[in-house]
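Accompanying notes for the structure given below.
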Amino acid sequence: DGGITQSPKYLFRKEGQNVTLSCEQNLNHDAMYWYRQDPGQGLRLIYYSQIVNDFQKGDIAEGYSVSREKKESFPLTVTSAQKNPTAFYLCASAVTSGGLEDTQYFGPGTRLTVL
Amino acid sequence: AQSVTQLDSHVSVSEGTPVLLRCNYSSSYSPSLFWYVQHPNKGLQLLLKYTSAATLVKGINGFEAEFKKSETSFHLTKPSAHMSDAAEYFCVVRPPRETSYGKLTFGQGTILTVHP
């Protein structure tokens, strides 16, 4: 089955630790995205990547880092510099044609809790 | 610039009655519009999308939405609610594909509760 997988589903982190959230897709999509969701708020864009080896900051990139070494994978690292990392993190992907991106499809999410 | 406002943070209906979730948008161009649904602790699932074709858009699970440019609205409806429709719904606006990378703007979400 084609789709987007995120792991782990739940993640607990101690303050001062870096953690990496996994996002993998087998949809052959060029573009991938990371969002953060907090209660009562819509989604906010952290980083996005339109093509392998290239990525751009979104609206709330501070305290986060990404890499895009493979088309299928777009891991997100939450660093100790992120002041309030407890949130639900969603990965998405989209097909692109001629540099233009289409509808975004979302993974199941990772809930990160800082202890 | 673009923005989206979901007019109700909570909507409560009885099973078998109609559902109306309201969304207004603001955009300086003709946007693409989407409705996504999110069940608790799950990712977002695409319900339907409008991309400048027919103004009445049919989606999955019996949902539909009508694009009204004069009212800048994109309300989501369903004739008869089912218990499984209980979830949070997000209205989303995006610039047209022709403007290259289109940043999504999400509404704040509407929580739909369905009573037996």
Restricting the search to region B:43-69, which residues are in a strand (DSSP E or B) and surrounded by 14 or more Cβ atoms within 10 Å (Cβ to Cβ)? B:Leu44, B:Gln45, B:Leu46, B:Leu47, B:Leu48, B:Lys49, B:Tyr50, B:Val57, B:Glu64, B:Ala65, B:Glu66, B:Phe67
Just for region A:32-73: of the residues that are touching a Ser or Thr at 6+ places or on another chain (Cβ under 7 Å) and of a type in the set (S, T, N, Q), which one is nearest to A:Ala94 (Cα to Cα)? A:Gln50
Return a yes/no flag: does region B:89-100 have any residue that is open to solvent by 50 Å² or more (accessible area, probe 1.4 Å) and touching a residue at least 60 places away in the same chain (Cβ under 8 Å). yes
Filter result (open to solvent by less than 50 Å² (accessible area, probe 1.4 Å), among the aliphatic types (A, V, I, L, M) and part of a loop (DSSP other than H, G, I, E, B)) within region B:1-42: none
All strands (runs of 3 or more DSSP E) inside region A:13-115 with 1 or more residues being crowded, with 20+ Cβ neighbours inside 10 Å and within 13 Å of chain B (Cβ to nearest Cβ): A:19-25, A:31-37, A:43-51, A:54-57, A:87-94, A:110-114
Among the candidates A:Arg68, A:Arg44, which residue alone is in contact with a Phe, Trp or Tyr (Cβ under 9 Å, 6 or more places away or on another chain) and either touching a residue at least 40 places away in the same chain (Cβ under 8 Å) or over 28 Å from B:Thr110 (Cα atoms) (or both)? A:Arg68
Residue under evaluation B:Asn61, criteria (1) under 11 Å from the mean Cα position of the chain (by Cα); (2) away from every other protein chain (no Cβ under 12 Å), criterion not met: (1)
B:Gln108 meets each of (1) in a strand (DSSP E or B); (2) within 12 Å of chain A (Cβ to nearest Cβ) with one exception, condition (1)
Pairs returned, first residue in region B:50-65 that is closer than 11 Å to B:Val19 by Cβ, second residue that is among the aliphatic types (A, V, I, L, M) and open to solvent by 80 Å² or more (accessible area, probe 1.4 Å), beta-carbon separation under 8 angstrom, 6 or more apart or interchain, are B:Glu64/B:Leu56
B:Ala81 - would you say it is open to solvent by less than 70 Å² (accessible area, probe 1.4 Å), in contact with a strand residue (DSSP E or B) (Cβ under 8 Å, 6 or more places away or on another chain), part of a loop (DSSP other than H, G, I, E, B) and away from chain A (no Cβ under 14 Å)? yes
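The values are calculated or read from the model by the stated rules, or taken from the named source; none is laboratory data. Computed from a predicted model, the values in this text were never measured in an experiment. As a convention, Cβ positions derive from the backbone with ideal geometry for all residues, glycine included, and neighbour counts pool all protein chains shown. Heads up: the accessible areas ignore ligands, DNA and RNA and are worked out on the full protein's heavy atoms, side chains in. Shrake-Rupley method; radii C 1.70, N 1.55, O 1.52, S 1.80 Å.
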